[in-house]
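The values are calculated or read from the model by the stated rules, or taken from the named source; none is laboratory data. Small disclaimer: the values here were computed from a predicted structure and weren't measured. Backbone-built Cβ (ideal geometry, glycine too); neighbour counts: all protein chains shown.
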Amino acid sequence: MEFKMKEVGFTTQFEYGELHVAGDEQHGFRPFQLMVSSIVVCSGGVLRKILEKKRINIDNMTIKSSVERNESEANRIEKISIHYIITGKDLNEKKIAQSIELASKNCPMTQSVKGSIEIEETFELVVAE
């Protein structure tokens with residue numbers, strides 16, 4: 001990857017498109033937003049694959065996240081809370097919980113920050129009509 005300086009922040013080009021990163025939201029995505037997004041979306045993607053392999057059919061998944069930062073330590077990320085809202089029919093709570101635990105162990109982004117950032121995962125099941 002190559003990042004080029006712009007007036008505020010940096011930019012890089014990927015196959016999908018151009019990415020602007022800056023400490024100021026007016027000029028690009030903030031680095032912490034990208035880090036949290038990477039961890040959350042990686043976790044959700046791995047979970048989705050695990051559910052498919054287990055033949056657990058879901059209709060939809062929404063992931064809500066929040067982040068706790070420590071201002072006295074360079075505003076570092078201390079904790080990321082990930083809450084899965086999974087919609088489907090006949091979903092088994094125990095199997096979903098096991099799948100989330102397995103996804104956490106197999107998500108490269110989560111494993112990359114293990115021991116540095118606390119990752120809390122919760123879920124709720126919504127019955128599809």
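Being over 20 Å from the mean Cα position of the chain (by Cα) and within 20 Å of N70 (Cβ to Cβ) is the filter here, so list the residues in region 24-37 that pass it. Steps first, answer last, please.
Of region 24-37, the ones over 20 Å from the mean Cα position of the chain (by Cα) are 24, 26-27.
Result: no residue meets the conditions.
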Only residues in region 12-41 that are on the phi > 0 side of the Ramachandran plot count as the first member; pair them with residues that are part of a loop (DSSP other than H, G, I, E, B) and surrounded by 14 or more Cβ atoms within 10 Å (Cβ to Cβ), Cβ under 6 angstrom, at least 6 apart or cross-chain, and list the lot. G28/G9; G28/A22
I need a count of the residues in region 113-129 that are of a type in the set (D, E), farther than 22 Å from K53 by Cα and surrounded by 13 or more Cβ atoms within 10 Å (Cβ to Cβ). 1
Only one of these conditions is not met by T122: (1) closer than 19 Å to G45 by Cβ; (2) within 12 Å of the chain's Cα centre (by Cα); (3) of a type in the set (S, T, Y); (4) in a strand (DSSP E or B). Which number is it? (2)
Which of (1) outside any helix (DSSP H, G or I); (2) modelled with pLDDT of 95 or more; (3) under 25 Å from R69 (Cβ atoms) is the odd one out, the single condition I58 does not satisfy? (3)
Of the conditions (1) within 28 Å of K79 (Cβ to Cβ); (2) polar (S, T, N, Q); (3) more than 16 Å from the chain's Cα centre (by Cα), T11 clears all except one; give me its number. (1)
If Q26 passes every condition in (1) exposed (fewer than 12 other Cβ atoms within 10 Å of the Cβ); (2) more than 30 Å from K4 (Cβ to Cβ) but one, which one does it miss? (2)
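Can you work out which of the residues in region 67-112 that are part of a helix (DSSP H, G or I) and hydrophobic (A, V, I, L, M, F, W, C) is surrounded by the fewest Cβ atoms within 10 Å (Cβ to Cβ)?
If we filter region 67-112 for residues that are part of a helix (DSSP H, G or I), which is where we start, we get 71-73, 93-106, 108-112.
Now narrow it down to the ones that are hydrophobic (A, V, I, L, M, F, W, C): 96-97, 100, 102-103, 109.
Details: I96: 22, A97: 13, I100: 20, L102: 15, A103: 22, M109: 18.
Restricting to residues being part of a helix (DSSP H, G or I) and hydrophobic (A, V, I, L, M, F, W, C), the top hit is A97.
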Can you name every residue in region 37-83 that is among the β-branched types (V, I, T) and within 16 Å of S104 (Cα to Cα)? I39, V40, V41, V46, I50, I63, I80, I82
